[in-house]
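Taking it in order: structure first as structure tokens, then the write-up.
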Amino acid sequence: MQENSLRNWKIHLFVLILVCVTEFIGVKTLNIGIGAIALFPMLYALIIGAIISLPSLKILKTKEMNIAANILGISFMLFVAKLGMLMGPSLPKIFEAGISLGLQEVGHFAGTILLGLPIALLLGMKREAVGATFSIDREPNLAIIAEKYGSDSPEGRGALGVYVCGTLFGALYLSVLASVMAQTGWFHPISLAMGAGVGSGSMMAAMSGALAVIFPESAKDIAIFAGAANLITTILGTYICVFFSLPFTNYLYKKLEPILGRKAKQDQMKNI
Amino acid sequence: MKDKILTFVTIGIIALMGNWIGYNVSPTEALPGMMIIVAVTILGFFLAKIIPIKLPIVIWVSMLALLITTPIFPGNESIIKVTEQVNFMALATPILAYAGLSFGKDLKEFKKLGWRIVVISLVVYTGTFLLSSLVAEIGFRLTGKFH
């Protein structure tokens, strides 16, 4: 990273204005029939910021957007520090939930594969499916795929595709999903908070924000457990991806591809 | 490093404004807490630099923040008290504003993608969230915690 890659007053000024305006608007809920969606300042800031950055509006240059992305990468650390300070006094409570907290990590790592791989194969994807579904495809995961297959391989393209979609829509999508799941009444707020620790900063922030709006009385617990789960996901992430996720995805691909993959081909034939 | 410190201070000031407008805590009241948060973050980066064990910075910052707020640390109670003045949501708003402002740079890449990968990415994110929440929920129901 270049030394001046963080210095841009225009970006900071935009953020200041966005923060002031969006915090002024405050929390709202939008009823969409099946339930209410939590709308809150960070979500508005994300959406309005995205509109400002649209290349067709010519407000920001690509260089400035890259600086915004660089700042994003380190700004999350302030949030992490704040979460850590919430966790410190609650350590006994966190240990009390230890079994669930540990086990749910299996869900974080296996969830992408178990749900993603079969659907990817049904849609007719081949080796791209392995890169796309072995993890949530953030930067550390991309590095693992690039090292093993090269970034120009089918696996690399699959991983990069999910990475790009996640960067653009991950936080927004997951916060809406968190709102919807919160209102089914099937889950305890803390279960969902742990689920929000997906291992990506902006996604975790947006999800815990949505949950905190819907369960205001548990807001602090949500921050604590989302933070704790996210920390564990981050610590274990690289190791699990190398030693479990990737081999497991490949194993499952070998088993499932002949069944689901061929079916997709037949469907395509029928369509023709 | 100087640029990083300057960036953290700037974001800290922006978050103080948001904390004021959105959560009615005046910047003077929240300033000591914000200074601790910024200091811990900077110290975390510093530790990652000087300690030869290669760990992500997130871990250093988290561990440091955890340590100074646990009961074993002298003065932890006053640290907790002042940092409580900074709402965690107020700190997240600027972060997502930066995320929003960087949106346009990946649009070109996105337009090259097929619809399949877009669907799969949503499925992948759904899978990781849903399955982990489900396992946590089952864990809680079996152990009787929080229910």
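Each reported figure results from applying straightforward, stated rules to the coordinates on display, with no laboratory input. Fair warning: this is a prediction, and the values are worked out from it, not measured in the lab. Neighbour counts run over all protein chains shown; Cβ positions are idealised from the backbone, glycine included.
A few remarks follow.
- Two tests apply to each whole DSSP H helix in chain B, Cα reach of 27 Å or more along its axis and mean Kyte-Doolittle hydropathy of at least 0.0, and the ones passing both are B:2-23, B:27-50, B:115-143.
- 10 Å Cβ neighbours from other chains, averaged over peptide A:202-213: 3
- The gain in end-to-end length when the A:I34 to A:Q183 segment is fully stretched comes to 52.8 nm, 0.36 nm per residue minus the alpha carbon separation.
- Taken along the Cα-to-beta-carbon direction at a fixed 7 Å, the label points for B:V119 and A:S56 span 2.6 nm.
- Each of A:L39, A:L46 has some number of other Cβ atoms within 10 Å of its Cβ, and from fewest to most they run A:L39, A:L46.
- By the helix-only formula, in which each DSSP H run with n ≥ 4 contributes -39500 (n - 2.57) and the sum is divided by residues, the protein assembly as shown has a 222 nm mean residue ellipticity of -24000 deg cm²/dmol.
- Pair B:E77, B:K111: separation of 7 Å Cα→Cβ label points (nm): 6.1 nm
- Residue exposure sequence - A:E105, A:E257 - by fewest surrounding Cβ within 10 Å: A:E257, A:E105
- Spherically averaged projected area of the convex hull of Cα atoms, the protein assembly as shown: 21.2 nm².
- Rh by Kirkwood over Cα pairs, then Stokes-Einstein D for the stretch B:1-55 at 1.306 mPa s and 10 °C, µm²/s: 130 µm²/s
- Legend: ranking of residues B:F110, A:F187, B:F8 from fewest to most surrounding C-beta atoms inside 10 Å; resulting order B:F110, A:F187, B:F8.
- For chain A, the relative contact order is 21 percent, taking Cα pairs closer than 8 Å that sit 6 or more residues apart in sequence and dividing their mean separation by the residue count.
- The C-alpha atoms of chain A define a longest principal axis, and helix A:219-240 lies at about 40 degrees to it.
- Choice from A:A196, A:A36, A:A50 showing the highest fluctuation, given a GNM over chain A with Cα pairs closer than 10 Å: A:A50
- Distant-in-sequence amide H partners of A:T29 (H built 1.01 Å from N, under 5 Å): A:L39
- Placing +1 on each Lys and Arg Cβ and -1 on each Asp and Glu Cβ, with no other charges, gives chain A a dipole about its Cα centre of roughly 620 debye.
- In chain B, the ratio of gyration radius to Kirkwood radius, Rg to Rh, stands at 1.05 when only Cα atoms are counted.
- Using θ = phi - 60° and Karplus 6.51 cos²θ - 1.76 cosθ + 1.60, couplings along the stretch A:184-200 (whole Hz; Gly, Pro as x): 5, x, 7, 10, 6, x, 6, 4, 5, 4, 5, x, 6, x, 6, x, 10
- Within the straight-line cut-off of under 23 Å between alpha carbons, the lysines reachable from A:K126 are A:K148, A:K254, A:K255, A:K263, A:K265, A:K270, B:K111, B:K112, sequence neighbours fewer than 8 places apart in one chain being disregarded.
- Projecting label points 7 angstrom from Cα along Cα→Cβ for A:I259 and A:F244 puts them 2.2 nm apart.
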